[in-house]
Amino acid sequence: MSWRSSFRCSKFRHIFGKSATKEHSYDGVPITRSVHDNHYCSANPCFIAVVTECAGGGSFLVLPIHHTGRVDPQHPRVCGHSGRVLDVKWNPFDDYCIASCSEDCTVKIWDIPVCGVQQNLTKARKTLIGHSRRVGLIEWHPTAENLLLSAAYDYKVSVLLWDVSQAGAVIRYPVRVVLMPIHHRYPSEALLLSVSFNSDGSRLAVTSKDRHVRVLDPRTGKILQVSSSNSHKANKVLYIGGLKLLLSTGSSSWNHRQIVLWDPDDLSEPLYEEDLDGSAGVLFPFYDPDTHMLYLAGKGDGNIRYYELSAEKPYISYLTEYRSLLPQKGLGVMPKRGLDVTACEIFRFYRLIAIKDLVEPLSMIIPRKESGIFQEDLYPMTAGNQAAMTAQEWLLGVNRGPVLMSLKPDPRVPNPYPETPAEKGLVRQLSSLRFQSSPAAVTEIGQDFIEELLQAFYKQQDEIRGMKEALHQKDVSSQTVRYQNFLSDTFLYFCVFTFCR
């Protein structure tokens, strides 16, 4: 037998998790005590939303993303539900729109002010009424705007698809009924535990109370595939974009926590199975399609495992894990466009630590020698905040992938010529003038400063004429003269623009 090394070279093998200090966390957040297996947290580059515990209804807290530190116990909340809030999700194409579902059988769409929630928000923009029992799951469509999926425990019309752009404050009729029980008895396949769209939203993977994985057509509700493995009891499911794989987490016949990879076009046999441990907490899977990294975080655990996925056997490679003594009740994830690319941050969690009333940011970082430089191999084109199509286009059968965007900061073209001390001083003087917005300040500068600017301009023109004469004598290059001409024109236009404003 030939020897084969178990070491796999990967640029992510040195990844590590860096938790934020208490000053850069959200302290004093009364996290909900609900026992539902949801995340209870959602984040975007502007805000973070956390489901909170309250008496006499349901509420959640919306904080600006940089509002770290101790949270005021009387901080205003979004509290329009009459029952406990079970899930919240930000609109991927609108950073100021969030959806929430509750035990009061409704789904609500909220508009968050740009400055944040300054007083208790009780009036929702839209209220979706179509379920007769508690709504446990909501999920936005990944490419079509204003499409929201909801799943409830009512045994009648358990999965609905809504167009939240419809007129009226109350919407009673969904655009699609995705899954409806066929039999009069209570079929366990209609009670969903998890949902996941593929990258273009043309397929929907679900796990049900009968612990099987199903692949549906979300437009027609037709069940395309059903897993037939009896050794795996699925709990959560996730589409692996770009690799044509489907991942589910659950338990084995020995009640060991397990991860399984499937071919979404054939669920008769799993492609890969692995038992992890004997803990009882639900495993939440998170996948980054840009780096093909998989993160597994267990409810009630303090650790998060990292894996790298590939389209070929053995499909999954274990890297390392983050460990903490504080257990997490749920986790939120920051979209890629909200990460700090200068620090080589490729993923960010928000861990809900209920025993401390703490929301702790956790950054996944790849160490690089030059961390301040944009690393193109870590940040390819990624899904942005622009919808690929309207809801009506998708309902008519159009499929489009996400609109991609670059995470590279705006480039600045460096000056190939060294600046003289006089030029640096002049730029600083003009910059200070630019931000003098008061008319009295401009009047105070007055005619004397204008005359100084004109004298500096005329002096620069004399220097250019001297360079042109030296050019005929071959003392300076023509490139230097052209650059001085460019500085002169730029200087003049800047002066005119400053005083015209």
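The values are calculated or read from the model by the stated rules, or taken from the named source; none is laboratory data. Everything numeric here is computed off the predicted structure, so don't read it as measured data. When we count neighbours, we look across all protein chains shown, and the Cβ atoms used for this are built from the backbone with ideal geometry, even at glycine. Just so you know, the surface numbers come from the protein's heavy atoms only, side chains and all, with ligands and any DNA or RNA stripped out. Shrake-Rupley method; radii C 1.70, N 1.55, O 1.52, S 1.80 Å.
Name the residue that is farthest from ARG84 (Cα to Cα), counting only residues in segment 109-134 that are in a strand (DSSP E or B) and out of contact with any Leu (no Cβ under 7 Å at 6 or more places or on another chain).
That would be ASP111.
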Restricting segment 345-382 to residues that are in a loop (DSSP other than H, G, I, E, B), within 15 Å of SER406 (Cα to Cα) and not aliphatic (A, V, I, L, M), which is most open to solvent (accessible area, probe 1.4 Å)? GLU376
Note down all Cβ pairs under 6 Å where the first residue falls in segment 255-270 and is touching a residue at least 60 places away in the same chain (Cβ under 8 Å), the second is open to solvent by less than 50 Å² (accessible area, probe 1.4 Å), and they're at least six residues apart or on different chains. PRO264/VAL215; PRO264/LEU246
Can you give me the ranges of the strands (runs of 3 or more DSSP E) entirely in segment 190-280 with at least 1 residues that are open to solvent by 60 Å² or more (accessible area, probe 1.4 Å) and in contact with a Leu (Cβ under 6 Å, 6 or more places away or on another chain)? 223-226
Count, please, the residues in segment 17-42 that happen to be of a type in the set (Gly, Ala, Ser), closer than 15 Å to LEU61 by Cβ and assigned to a loop (DSSP other than H, G, I, E, B). 3
Give me the pairs, please: first residue somewhere in segment 39-58 and under 21 Å from ARG348 (Cβ atoms), second residue anywhere and surrounded by fewer than 23 Cβ atoms within 10 Å (Cβ to Cβ) and among the basic types (Lys, Arg), beta-carbon distance under 7 Å, and either six or more positions apart or on two chains. TYR40/LYS329; SER42/LYS89; PRO45/ARG337
LEU331 fails exactly one of the following numbered conditions: (1) surrounded by fewer than 18 Cβ atoms within 10 Å (Cβ to Cβ); (2) modelled with pLDDT of 95 or more; (3) not aromatic (Phe, Trp, Tyr). What is the number of that condition? (1)
Would you be able to say whether some residue in segment 125-136 is within 28 Å of VAL403 (Cβ to Cβ) and open to solvent by 30 Å² or more (accessible area, probe 1.4 Å)? yes
Restricting to segment 316-328, name every residue that is open to solvent by less than 30 Å² (accessible area, probe 1.4 Å) and either aromatic (Phe, Trp, Tyr) or under 23 Å from the mean Cα position of the chain (by Cα) (or both). TYR322, GLN328
Reported set for segment 49-68 where residues are within 19 Å of the chain's Cα centre (by Cα) and among the β-branched types (Val, Ile, Thr) is VAL50, VAL51, VAL62, ILE65, THR68
Return the total of residues in segment 84-99 being touching a Gly at 6+ places or on another chain (Cβ under 8 Å) and open to solvent by less than 10 Å² (accessible area, probe 1.4 Å). 3
Number of the exception - ALA387 against (1) open to solvent by less than 40 Å² (accessible area, probe 1.4 Å); (2) part of a loop (DSSP other than H, G, I, E, B); (3) touching a helix residue (DSSP H, G or I) at 6+ places or on another chain (Cβ under 8 Å): (3)
Check HIS292 against each of (1) open to solvent by less than 30 Å² (accessible area, probe 1.4 Å); (2) touching a strand residue (DSSP E or B) at 6+ places or on another chain (Cβ under 6 Å); (3) not basic (Lys, Arg) and name the one condition it does not meet. (1)
Just to verify a result, which residue in segment 6-29, among those that are touching a Pro at 6+ places or on another chain (Cβ under 8 Å) and not polar (S, T, N, Q), is farthest from MET364 (Cα to Cα)? GLY28
Can PRO76 be described as within 30 Å of GLY241 (Cα to Cα) and in contact with a strand residue (DSSP E or B) (Cβ under 8 Å, 6 or more places away or on another chain)? no
What pairs come up if the first residue lies in segment 222-239 and is on the phi > 0 side of the Ramachandran plot, the second is at pLDDT 90 or above and not in a loop (DSSP other than H, G, I, E, B), and their beta carbons are under 6 Å apart, counting only those six or more places apart or on different chains? none
Go through segment 50-74 and give me each residue that's open to solvent by 30 Å² or more (accessible area, probe 1.4 Å) and farther than 21 Å from LYS89 by Cβ. ALA55, GLY56, HIS66, THR68, ARG70, ASP72, PRO73, GLN74
Result of the Cβ filter at 8 Å on segment 315-334, keeping first residues that are closer than 21 Å to HIS39 by Cβ and free of Cβ contacts under 8 Å to residues at least 24 places away in the same chain and partners that are part of a strand (DSSP E or B) and open to solvent by 30 Å² or more (accessible area, probe 1.4 Å), at least 6 apart or interchain, is GLU321/ARG305
